[in-house]
Every structure is written in structure tokens, then in C-alpha cells.
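See below for the structure under consideration.
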Amino acid sequence: MEKMKKRVYSGIQPTGVFTLGNFVGAVRGWPKLQEEYDCIYSVADQHAITVRQNPADLRRQSREMVALLLASGIDPQKSIVFVQSHVPAHAQLSWVLGCFCPFGDLTRMHQFKEKSAKHPEDINGGLLTYPILMAADILLYGTDYVPVGVDQKQHVELTRDIAQRFNGVYGDVFTIPDAMIPKVGAKVMSLQEPAKKMSKSDSNENAVVRVLDEPDAILRKFKRAVTDSEGSVRAAEDKPGVTNLMSIYSVCTGKTFEEIEAAFAGQGYGVFKQAVAESVIDTLRPFQQEYKRLLADKAYLDGVMADGAARAAALAARLLTKVYKKVGFLQL
Ligand code: TYM
């Protein structure tokens, strides 16, 4: 595939308002990549149905997710923004790639193990083959870089393995992608159980800051955040709660851990938590205002989705045709 700039691809599931974790670990960095790279950002609705979704909610949340992405600064003129199910080539390539992925590689994925444990009543095939669909997303566009949080690293590695296995048989069809993981904030932890990552689907609302939370809710959640009994603001492995708050504060203010330790030396956690909450509120304020404005303009959002799907589909068709020819599907 001819490319001027390197390609970036990432996605997010429309399973509810995204969290501070999604924002800090992934989405916040996406707009900055637009100048240097050709970026494609997708709303991964097909991934979302691996867990049962209410259809009306999924539809609404998919449009809302487009608004959230645009509000974060993604410019649909510069980047392609689209909804995954609008481009059938993802599901089509996924089938082919599934035939190049050993079963054992799928069963050892952390996310599969976690989600199977969480939903023992519905360990469906989609949950297992989820990373193959993600590999199709990435490989369809000749992607060079995949900006994600740490939890998706294993899936990007599996994508590389699948691509290399396919290329080994058919020649250089796929570009081998690299994960792009932020230095700070790549894994934001739950505010209530700091050993666990902050997750959209956490049932304890105090554990999760959502990017559309009102300032007083954000303040309340940070005030209740679990820390430790030492009372000093410093990062350490045995201080996961405080270290997590420091990462969030560092991302929102640009301050290093050393600067944060110095600034809060001798002060209790109360003062620090207040400062973290304020930095998050300030970071999210312009984003929240822009989101409200965009969401009111349904026609604009629908136009962005239609344009994004058309542009993505045109790119995807080229690679899919090549793959179909390579594996021996008869062309009409
Ligand atoms: P999803 O929707 O779970 O999360 C979207 C992005 O947010 C990151 N993230 C976090 N980062 C830091 N701290 C956290 N607590 C945290 N929680 C989530 C994720 O790493 C991710 O980057 N399978 C993907 C969506 C996807 C995709 C793709 C991504 C579908 N196709 C192709 C990249 C390329 C997912 O479920 O992300």
C-alpha cells in the first residue's frame, strides 16, 4: 500500500462514557498524532457485543463515542473517524486471519481470561476470537503504530504474530505494527482497588472517574480514593493508590514525579487529593463543553460517520482484495 506518512490506527469500545483511564492512557494522545501521521480512529462496536449489550444503548453510545472522540480534539478532516460495523472488511479479514491464529494463543490472552472469569455465564466464541478482529482492524490499513494503554499490548503482539505468520506463507502483505504506549498513565488504576485497572464496566462508581462527570462528583471520588496510612506523597510499588494519583496528576499538569513529591512534601493526602481532582476538572472542562456542543448536532455527527466509513472502506477494500487473491478465493 502506497503511503506518504506512517499510519496510526486505534479504537475504543462504545460501552459507555469513557473513563479517565481511557482518556489518559489512550484517547488524549490521539489528536497530537494527527500532524505527523495518517490516523484512523474507530468506534469498535463489533468488539462491544462480545459482552451482551442493550441494542438501543449501543446505538446511542456509538454516536456519543464519535462525539467524545471529536471533543478530545480529533479532527475528522485530518483523521478518519468511523464506526467499525460500517466497514464490513473488518469482519471479512477477521475470518481469514482466524485461520492463521493458533487456538492456544487465544486462550492465553489476559483479557479473555479476565472476561471469562467475569462473565462465566457467557463465555462465547466472540470473546475468544476478539483479538483476531482487532488484528483485522489494525492490519487492514497497513498500520505502523497502535496507540493504546498497557492492557492492549498483548493484543498488538498477537497481531504481529498473525501478520508474520501470514507474510511467511504469502510474502509481504501486512505491515508489522508496533504498539505506542504512553510513558505515564498507560495504566490508570481503580480509585477504590488500586491493584485493579480503572474500567468502564466497574459497578462501583466511586472507583471510576468518567470524562463527563461533573466537577463535584470528580472531587468526591478523588477525596474517597484509597491511599495508605503513611501520609507522604511519593511513588512506590507498595503505595499503588498514591502512585496512581501521582500519575494522573502528572499527566494533567505535566509535572514530573520528583516535582510532585517536592511540591507536596510534608502535606497530608487531603491537600494532594484536592489538587489532583482540580487538575482533572481543569483538564476535562474544555472537553466537556465541546462534547455538549457536538452532541447537539446529530446531522454533523452522522455526516462525520458516513464520510469516515466511506474513506475507511475504500482503503480497506484494497488490502482485503489482495488477501483474498493470496489465499486463493476465486475472483469474479
Ligand atoms: P477499550 O475500549 O477497552 O479502551 C480504549 C483504550 O483505552 C485504554 N485503556 C486504559 N489506559 C490506561 N488506563 C486504563 N485504566 C485504561 N483502560 C483502557 C486501552 O488500552 C485502549 O487503548 N480492543 C480495544 C479497542 C480496539 C482497538 C482496535 C484498539 C478495537 N480495535 C484496534 C487498537 C487497535 C479495547 O477494548 O479498548
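The values are calculated or read from the model by the stated rules, or taken from the named source; none is laboratory data. As the structure is a prediction and not an experimental result, all values here were calculated from the model. Cβ placement follows ideal geometry from the backbone for every residue including glycine, while neighbour counts extend to all protein chains displayed.
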Among (1) within 8 Å of the ligand (Cβ to nearest atom); (2) over 22 Å from A313 (Cα atoms); (3) buried (at least 17 other Cβ atoms within 10 Å of the Cβ), the one test that L191 misses: (1)
In the range 28-61, the residues that are farther than 23 Å from K113 by Cα, surrounded by 13 or more Cβ atoms within 10 Å (Cβ to Cβ) and in contact with a Lys or Arg (Cβ under 8 Å, 6 or more places away or on another chain): Q34, Y37, D38, C39, I40
Return the residue satisfying two criteria in turn: it lies in the range 46-62 and is out of contact with any His (no Cβ under 7 Å at 6 or more places or on another chain) and hydrophobic (A, V, I, L, M, F, W, C), and of such residues it is farthest from A135 (Cα to Cα). A56
Residue pairs within 6 Å by beta carbon, gap of at least six or interchain, first lying in the range 189-213 and modelled with pLDDT of 95 or more, second among the aromatic types (F, W, Y), listed first then second, are V211/F18; V211/F23
One residue from G308, G303 being under 30 Å from G11 (Cα atoms), at pLDDT 95 or above and in contact with a Phe, Trp or Tyr (Cβ under 7 Å, 6 or more places away or on another chain): G308
Which ones in the range 61-76 are of a type in the set (G, A, S) and in a loop (DSSP other than H, G, I, E, B)? S72, G73
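Table: residues versus (1) free of Cβ contacts under 8 Å to residues at least 12 places away in the same chain; (2) more than 24 Å from K5 (Cβ to Cβ); (3) in the same structural domain as L301 (by TED's automatic domain parsing).
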position	(1), (2), (3)
A91	no, yes, yes
V96	no, yes, yes
P102	yes, yes, yes
A117	yes, yes, yes
I138	no, no, yes
G149	no, no, yes
T159	no, no, yes
Q164	no, no, yes
Do you know which residues across the range 142-175 are near the ligand (Cβ under 10 Å from one of its atoms) and either in a helix (DSSP H, G or I) or touching a Leu at 6+ places or on another chain (Cβ under 7 Å) (or both)? P147, V150, D151, Q152, K153, H155, V156, T159
May I ask you to verify whether Q92 is surrounded by fewer than 21 Cβ atoms within 10 Å (Cβ to Cβ), of a type outside the set (V, I, T), within 16 Å of the ligand (Cβ to nearest atom) and over 24 Å from N167 (Cβ atoms)? no
What number of residues within the range 255-285 are under 29 Å from the mean Cα position of the chain (by Cα) and surrounded by 16 or more Cβ atoms within 10 Å (Cβ to Cβ)? 14
Within the range 115-127, can you find the residues that are assigned to a helix (DSSP H, G or I) and either modelled with pLDDT of 95 or more or under 22 Å from V43 (Cα atoms) (or both)? K115, G125, G126, L127
Of G25, G16, G21, which residue is surrounded by fewer than 21 Cβ atoms within 10 Å (Cβ to Cβ), under 13 Å from the mean Cα position of the chain (by Cα) and either near the ligand (Cβ under 9 Å from one of its atoms) or in contact (Cβ under 8 Å) with a residue 40 or more places away in the chain (or both)? G16
Of the listed residues (K5, K32), the one being more than 9 Å from the ligand (Cβ to nearest atom), part of a loop (DSSP other than H, G, I, E, B) and not aliphatic (A, V, I, L, M) is K5
Breaking point among (1) part of a helix (DSSP H, G or I); (2) of a type outside the set (A, V, I, L, M, F, W, C); (3) within 12 Å of the ligand (Cβ to nearest atom); (4) over 20 Å from T19 (Cβ atoms), for Y130: (4)
Of all residues being part of a loop (DSSP other than H, G, I, E, B) and in contact with a strand residue (DSSP E or B) (Cβ under 6 Å, 6 or more places away or on another chain) in the range 9-25, which is nearest to I218 (Cα to Cα)? Just the residue, please. V17
Pick out the one residue from K273, K239, K255 that is touching a residue at least 40 places away in the same chain (Cβ under 8 Å) and out of contact with any Pro (no Cβ under 6 Å at 6 or more places or on another chain). K273
Output the qualifying pairs, or none if there are none: Cβ atoms under 9 angstrom, residues six or more apart or on different chains, first residue in the range 293-308 and within 16 Å of A71 (Cβ to Cβ) and small (G, A, S), second residue at pLDDT 95 or above and part of a helix (DSSP H, G or I). G308/V66; G308/H86
